[in-house]
Amino acid sequence: LYKQPGKIALITGGNRGIGLRIVKKLVECDIEIILGVRNPIDSRKAVEAYLERAKIPPAGCKLHYEQLDIGSMKSVREFAAKIKTKFDKIHLLINNAGVMSVPFKLTDEGFESHMAINYYGHFLLTHLLLPQLKAAGTPECKARVVNVSSCVHKIGEIDYNNINKIKNYYPADAYNQSKLAQVLFAKYLTLVFEEDGLPILANSLHPGVVNTDLFEHSSTTYIPWIRALLFKSPEEGSRTVVYAAISPKLEARGGCYLSNCRESSSHRFCNNSVQCEKLFNVTCDALGIDDFFCKRN
């Protein structure tokens, strides 16, 4: 961790789990932080209580809490519009919020909940805040997009004929698909950023198997001692995320998939630009995005 005054980070889901620990680390770097959260009032209480326990006076931190339901595209658009009126630049966009193995549900906009929360909402948010990312990045210090994915993306498949899992729903398959989508998204962003010479890096990562309430719908709920014994702590889980966000070692490295703060192997599609572009185009169509990279602006 090193001081980076003047930088602004935006994180989704920074009010619990590894998100809390990410916020603490960024605060220690003197980074101003925007938290996109479902309940700003409760989130402020949780974050400030955690910082006080960590002996970091919340009064000295630059923290902003804004309402965001990342699974609702309407909420994402409203959130992004509010952020754009308050901030000209965003140096770090950490797409962290997520769900795992939840029961089948379609959002009001017709998206399966894993894809809506883990992928579509962050895809749309990245698009809407791209002007702020472009404004923040420089050739010497690029802005960064960080997608918090999972190692299970390696066994995921994008089922284009049943992407909302309406037929034969299995929670793990839906989760794996959404996590693969996050990795392919970061890879495709890198291809375009490099081609267009944009001062932005995009990377994805596996934070580890972390003992958080993300597992509340898994079988480990019945044997919690296994989680305490074998899983990473939330603090340990935050490390690769923060590494992806601020490490100088990644300044010239976009399109990486990281695990334990080092580059790791990823899904076979990650090096297939055709597959990356296919998912990107399908997603733009689903979300009604005509000009993702704002080239007409």
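The values are calculated or read from the model by the stated rules, or taken from the named source; none is laboratory data. None of these values were measured; they are calculated from a predicted model. Keep in mind that these areas ignore ligands, DNA and RNA; they rest on the heavy atoms of the full protein, side chains included. Shrake-Rupley method; radii C 1.70, N 1.55, O 1.52, S 1.80 Å.
A few remarks follow.
- Only protein heavy atoms count here; under a 1.4 Å probe, Lys278 has an accessible surface of about 100 Å².
- Taking the C-alpha atoms of the chain, convex hull volume expressed per residue in Å³: 130 Å³
- Cys141, Cys270, reordered so the largest accessible area comes first (probe 1.4 Å): Cys141, Cys270
- Accessible surface, the chain, averaged per residue in Å² (probe 1.4 Å): 45 Å²
- Ranked order, Asp88, Asp196, Asp69 - accessible area, probe 1.4 Å, largest first: Asp88, Asp196, Asp69
- Here the accessible area is traced with a 1.4 Å probe on the protein chains. For segment 244-290, carbon and sulfur cover 43 percent of it.
- Counting only DSSP beta bridges whose two residues both lie in the chain, roughly 10 percent are antiparallel.
- Atom-type composition of the exposed protein surface of segment 1-137 places 52 percent of the accessible area on carbon and sulfur (1.4 angstrom probe).
- Sequence-distant contacts, meaning Cα pairs under 8 Å at least 6 residues apart, place the relative contact order of the chain at 17 percent.
- The phi-based Karplus calculation (6.51 cos²θ - 1.76 cosθ + 1.60; θ = phi - 60°) puts the 3J(HN,Hα) values of segment 44-53 at 4, 4, 5, 5, 5, 5, 5, 5, 5, 5 Hz, whole numbers, x for Gly and Pro.
- Per-residue Karplus couplings for segment 270-278, computed as 6.51 cos²θ - 1.76 cosθ + 1.60 with θ equal to phi - 60°, are listed in order as 5, 9, 10, 4, 5, 5, 4, 5, 4 Hz, Gly and Pro entered as x.
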